[in-house]
Structure formats: C-alpha cells, structure tokens
Amino acid sequence: MKLTENGNMAAMPETLKSDNSPAPNTLGSGGTRSLLFLREEELRLAQDLLYFGYRDFTAGADRILATLEMGRAHHRVLHFVGRAPGIKVGELLAILDITKQSLGRVLQPMIEQGYVRQTPGLSDKRQRLLSLTEQGMALESRLFAAQREWVLRAYREAGPQAVEGFRQVMRGLMGPDARQQFEALERAAAPGRTTPAFSPNPAPRIETRGG
C-alpha cells in the first residue's frame, strides 16, 4: 500500500509489493535487480545501504568536529547557514525540524565562538538573520572537503544514469515539507542566480524533542 495525495491508502503496483517471500537473487538486463524482486529482504538491504553509506560519508567530518568538541548538530547549522546566507532563525528551525530550545543549545555557543553571525532583519528588527563568519566559512569548507571526495568517487563509479536514479530515490524518501525545503535550496543554487531565492515555508515544529 502507499499514500495518495489526500493521505488515503492505495494499492501499490504488483511489481512493487513487499512481502516476506524469499527474493531470488535474479538480475535483470544490465545487471540490475528486477522490480519484481523488491520484497522484504530487498527493502532491508536498502536500509543497510543507507546506514553504511551515511556512516562512512560522515566519518571524516565527524573526526574534524570531534577535535573542536562539536557534533553533527553543529555541522547541520554550518551547512544550512552556509547554503543560505541570511537565513532566518525560523527558516533554519523548519529545515532542522527541532525546537527553539534545541537549536539555541547549539547555535548560541557557535555565535559566541565566532562561527556564526546574527543580525536583525532589515524590515523587521525582530527577525534574526544568520550567516557564517570567516571562521565559520573556513570550518564549513573543511567539512565539505572531507565529504566531497566520497561523493565524487561514488558518482564517478556509478555514472550519470545511476546518479539521476539516486536523486530520484532520495527525493522519494522525502516528505512534502523536506522536498519543498530542498527545492528551495535547489532554486537558490541555480546557475546565474544573483538574488536570494530561499524560502522553505513550512512552519517549525513546536513540540519538545531532542536536538
């Protein structure tokens, strides 16, 4: 079953149904697994791929962060503030999907230590706009460099068709809010763009949860 646009459940195509039947290790043309075999074990293997890929993709950056007594929450702030300079605190909350309290525990020390700059909005002084300082940009660049080669190697080994398939799969894993936020970043990064285009729109969550 899958969710339709109105949230109801609809039957999945026969070729994509998941069950607990043993999946034959059969390959289709070009060495790829036929869609007929996207069964329980195949979906568990997809989880394995996500886990091991993410583990090794983040390892180099994690080592750099550890020397500064930082973690992945700090990395996420550096990444998204660097991707959208002048981002509002509310917009960052919407992307990270955390509470103000959780963000504050990470953001305030980064401001005090000189990695992030906070300024009031131009038209609304109550707004808080975030950007990276030179020190913050230098750290973000180090973290990006630690992960860049992993992505380059994987893309080169896989080839253009697989890269496009990967993008489609990752978009498919996103919920509506995440996809909207990603597409806003994608528009802002469009070649030749000279004006800000970032606006994630979805409101941040308000319930209490960990950072």
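Want the number for Leu49 to Arg156: 0.36 nm per residue separation, take away the alpha-carbon distance, what's left?
Residue separation times 0.36 nm, minus the Cα-Cα distance, leaves 36.7 nm.
Quick check for me: using +1 on Lys/Arg Cβ and -1 on Asp/Glu Cβ, what's the dipole size of segment 112-166 about its Cα centre, in debye to the nearest 20?
With only Lys, Arg, Asp and Glu charged at Cβ, the dipole is about 180 debye.
Would you kindly find the accessible area of Arg76, with a 1.4 Å probe and non-protein molecules such as ligands, DNA and RNA excluded, rounding to the nearest 10 Å²?
Ignoring ligands and nucleic acids, Arg76 comes out at about 100 Å².
How much of the accessible area of segment 65-151, probe 1.4 Å, is carbon plus sulfur, in whole percent?
Answer for segment 65-151 is 52 percent, counting heavy atoms of protein chains only.
Just name one of Gly159, Ile98, His75: the one whose Cα is farthest towards the positive end of the charge dipole of segment 56-171 (beta-carbon charges, Lys/Arg +1, Asp/Glu -1).
It is Ile98, whose Cα lies furthest towards the positive end.
Averaged per residue, what accessible area in Å² does segment 45-201 show with a 1.4 Å probe, protein chains only?
For segment 45-201, the solvent-accessible area averages 64 Å² per residue.
Which residues' amide hydrogens lie under 5 Å from the amide hydrogen of Ile87, considering only partners 5 or more residues apart or on another chain, with H built in the peptide plane?
Excluding prolines and chain starts, which carry no amide H, the hits are Leu130.
In nm, to one decimal, how far is the Lys125 label point from the Asp62 one, both placed 7 Å along Cα→Cβ?
4.5
What is the set of long-range amide H partners of Val116 at a cut-off below 5 Å, with H atoms built 1.01 Å from backbone N?
When sequence neighbours closer than 5 places are left aside, the close amide H contacts are Ile111, Thr133.
Quote to one decimal, in nm, the extra length available between Met137 and Glu183 on full extension: 0.36 nm per residue of separation minus the C-alpha distance between them.
14.3 nm
What share of all Cα pairs of segment 88-151, in percent, falls into each consecutive 5 Å distance bin?
4, 16, 19, 23, 20, 11, 4, 2, 0
Just reorder Ser141, Ser123, Ser102 by solvent-accessible area, largest first, 1.4 Å probe, all chains present. All intermediate terms of the calculation are to be shown ahead of the outcome.
Values: Ser141 65, Ser123 115, Ser102 5 Å².
If we order Ser141, Ser123, Ser102 from most to least accessible, we get Ser123, Ser141, Ser102.
Taking all protein chains together and a probe of 1.4 Å, list Glu69, Glu186, Glu112 from the most accessible to the least accessible.
Correct descending sequence by accessible area is Glu69, Glu112, Glu186.
The values are calculated or read from the model by the stated rules, or taken from the named source; none is laboratory data. Being a predicted model, the structure only gives us computed values, none of them experimental. Glycine also receives a Cβ, built like all others from the backbone with ideal geometry; neighbour counts cover every protein chain displayed. Heads up: the accessible areas ignore ligands, DNA and RNA and are worked out on the full protein's heavy atoms, side chains in. Shrake-Rupley method; radii C 1.70, N 1.55, O 1.52, S 1.80 Å.
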